[in-house]
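Notes follow once the structure below has been shown.
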Amino acid sequence: MTGDLRSLVLLAATLTTGLMAGLYFAFSVAVMPALARADDRTFIETMQRVNVAILNGWFSLAFGGALVLGVVAAVLHRGGAGRPVLPWIIAGVVLYAASLVVTMGFNVPLNNHLADAGAPARIHDPAAVRARFESAWVHWNIARTLVTAGALGCLAWAMRVAGGTGRT
């Protein structure tokens, strides 16, 4: 039973981390390049709407769940047959935590500044508002995409090691 629980928690940590890596990747390769072609007011309005819409239960489940499940997976693998997998889980958790630091330290404050700019139709200089937001936000999104993809890779490798040794 303990092995089944360890396996399920590691799988859930890997899946939620993968969902977050995929979300950040989609912004990097599709959403932001598409919005780069939009006029300033459209860009601002769209990002303001996205920043409101993304705050929902499904996002919260993946965003917070990846860290919580990763930590639980590490605890469950801390001894015995699960020990060979532990370094990979810890690396995944540390990398995912780094993505949270980037998100909360850079992307969220930029989102908040964009929201504080007000309704796009009423912004006096939308080009300036966009300029203060877009380049920095894209830069930090790429950073969190890379570290979250690294976290996913570590957790996926942990699953591989667990499967290869018959230990989960």
- [ ] With a point put 7 Å past each Cα toward its Cβ, work out how far A81 is from L5 in nm, to one decimal.
- [x] 1.5
Task: Estimated inter-spin distance, N112 and R160, nm [label 7 Å along Cα→Cβ] - done: 4.0
Task: Portion, in percent, of the accessible area of the chain that falls on carbon or sulfur, probe 1.4 Å - done: 70
Open item on the list: Treating only the Cβ of Lys, Arg, Asp and Glu as charged (+1, +1, -1, -1), what charge dipole size does the stretch 1-149 show about its Cα centre? Round to the nearest 20 debye.
Closed with: 280
Open item on the list: Defining a contact as two alpha carbons under 8 Å apart and six or more residues distant in sequence, what relative contact order in percent does the chain show?
Closed with: 40
Task: Listed peptides 156-162, 131-137 by packing density, highest first (mean Cβ within 10 Å) - done: 156-162, 131-137
Task: Of G163, S60, W140, farthest towards positive along the dipole that unit charges on Lys, Arg, Asp, Glu beta carbons give the stretch 60-168 - done: G163
- [ ] Would you calculate a helix-derived [θ] at 222 nm for the chain, using -39,500 (n - 2.57) for each DSSP H run of n ≥ 4 and dividing by the full residue count, to the nearest 500?
- [x] -26000 deg cm²/dmol
Open item on the list: Nothing charged except the Cβ atoms of Lys and Arg (+1) and of Asp and Glu (-1): what's the magnitude of the dipole of the stretch 17-99 about its Cα centre? Round to the nearest 20 debye.
Closed with: 300
Open item on the list: For T14, T42, give me the order by solvent-accessible area with a 1.4 Å probe, most accessible first, ignoring ligands, DNA and RNA.
Closed with: T42, T14
- [ ] Once you have the Cα-Cα distance between A128 and A30, take 0.36 nm times their residue separation minus that, and quote the gain in nm to one decimal.
- [x] 33.0 nm
Open item on the list: To the nearest 20 Debye, how big is the dipole of the stretch 97-168 about its Cα centre, given +1 on the beta carbon of each Lys and Arg and -1 on that of each Asp and Glu?
Closed with: 280
TODO: Over the chain, give the accessible area per residue in Å² for a 1.4 Å probe, as an integer.
DONE: 53
Open item on the list: Nearest 10 degrees is fine. How inclined is helix 126-165 to the longest principal axis of the chain, computing both from alpha carbons?
Closed with: 10
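The values are calculated or read from the model by the stated rules, or taken from the named source; none is laboratory data. Remember, predicted model here, so these are calculated numbers, not experimental data. Glycine also receives a Cβ, built like all others from the backbone with ideal geometry; neighbour counts cover every protein chain displayed. Side chains included, ligands, DNA and RNA excluded: accessible areas come from the protein's heavy atoms. Shrake-Rupley method; radii C 1.70, N 1.55, O 1.52, S 1.80 Å.
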